[in-house]
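Peer 1: Handing you a structure now.
Just so you know, all these numbers are worked out from the coordinates, no wet-lab data involved. What you see is a predicted model; the values in this text were computed from it and never measured. Cβ placement follows ideal geometry from the backbone for every residue including glycine, while neighbour counts extend to all protein chains displayed.
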Amino acid sequence: MTPMRIAVTGQQGQLAQSLAERGPGQGATILLAGRPDLDLSRPESVYPALAALAPDVVVNAAAYTAVDKAESDAEEAMRVNGAGAGAVAAAAARLGVPLVHVSTDYVFDGALDRPWREDDPTGPTGVYGASKLEGERQVLAAARDSVILRTAWVYSPFGKNFARTMLTLAKTREELGVVDDQRGSPTSALSLADMALAVARNVRASTDPALRGVFHAVDGGDASWAEFAAAIFEISAGLGGPSARVRRIATAEYPTPARRPVNSRLDTGRLAARHKVTPPQWREALAPCVARLIEQDRSGS
């Protein structure tokens, strides 16, 4: 396996930490870049920080991800996810290296009754989705040698995420109300890291235009949030960890500032056909993550 230096924006994020864990075993040296040296809200910081790392590939995993806060903080969300992403793409182009940029299902309105394909019309319903869509546009405009990976419902053993939140709440509650009328593909950030690494290898090795552009990258299968929570608790209970009953509720019973897509399912057929990447089924990827989260809690790490 040819050694590869990958500069990753966003030092503390779930994907950045997952890439740092997965990369070395796949021949990749992961070079994390983040604040204060690289700050997407300060576009002028991006090129010097990336140039100093002399990467073979750049992965833009940094983003403004506070979906609800974005509704009242639109300027900052757009600055980071739009102009910031454009600055990373411009830097990668200037360095002459491929870019893998991470985007989201929120670029769609969620109204379709099947998994979304890459060429389906976009139509974000909130500020976060609009800012990520603007980032996609700026990336494609600034860097021909780029791949956009749209993902959804990401969780991991790192940072704040749905799986950790459910296990934490289950320590003090016997029952949890969880939304059951939104569907998506729960995706391990470790799975996503493996997909991003495979894509990075491919675009570094080949100039084939078919390997560039927009792809969907999520674990296989789908679930509602309630089904996702129930699976977390089933695995946890089997390991002697916290568990709770899941009360299935409607979105209307859990109002949020930002509207969530009803359908966040993403079709990964293009990723499989062009990059030969087949993600695991979400339940298979979930079990080892839950085990790690339980162990972290027990050890106090």
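Peer 1: Rounded to two decimal places and with Rh computed the Kirkwood way over Cα pairs, what is Rg over Rh for the stretch 209-301?
Peer 2: Result: Rg/Rh = 1.06.
Peer 1: Here's a follow-up. Multiplying the sequence separation of residue 207 and residue 125 by 0.36 nm and subtracting their Cα-Cα distance, what value in nm do you get?
Peer 2: Here the segment from residue 207 to residue 125 would lengthen by 26.0 nm.
Peer 1: Modelled label-to-label distance, residue 169 and residue 71, 7 Å Cα→beta-carbon offset: nm?
Peer 2: 1.7 nm
Peer 1: Tabulate in residue order the Karplus-calculated ³J(HN,Hα) for the stretch 15-21, using 6.51 cos²θ - 1.76 cosθ + 1.60 with θ = phi - 60°, rounded to whole Hz; enter x for Gly and Pro.
Peer 2: Running phi through 6.51 cos²θ - 1.76 cosθ + 1.60 with θ = phi - 60° gives 5, 4, 5, 5, 5, 4, 7 Hz.
Peer 1: Relative to a virtual label point 7 Å from the Cα of residue 51 in the Cα→beta-carbon direction, which members of the stretch 67-91 show backbone nitrogen distances below 20 Å?
Peer 2: Under cut-off, by backbone N: 84-91.
Peer 1: If I take the Cα coordinates of the stretch 1-56 and project them onto the principal axes, what are the three extents in Å, biggest first?
Peer 2: Reported extents, whole Å, longest axis first: 35, 23, 11.
Peer 1: Also, quick follow-up: Near residue 259, within a Cβ-to-Cβ distance under 12 Å, what is the net charge of the other residues, with Lys and Arg +1 and Asp and Glu -1?
Peer 2: -2
Peer 1: Amide H to amide H under 5 Å from residue 8: which residues, 5+ apart in sequence or cross-chain, H placed 1.01 Å off N in plane?
Peer 2: 31, 32, 33, 59
Peer 1: Name the residues whose placed amide hydrogens come within less than 5 Å of the amide hydrogen of residue 249, ignoring near sequence neighbours (fewer than 5 apart) on the same chain.
Peer 2: 178, 179, 180
Peer 1: For every other residue with a beta carbon closer than 15 angstrom to the beta carbon of residue 107, add +1 if it is Lys or Arg and -1 if Asp or Glu, then tell me the sum.
Peer 2: Its environment carries a net charge of -1.
Peer 1: Follow-up question, since we're still on this one. Length gain on complete extension for the stretch residue 248 to residue 299, per 0.36 nm per residue less the alpha carbon to alpha carbon distance?
Peer 2: Difference between extended and current length: 15.2 nm.
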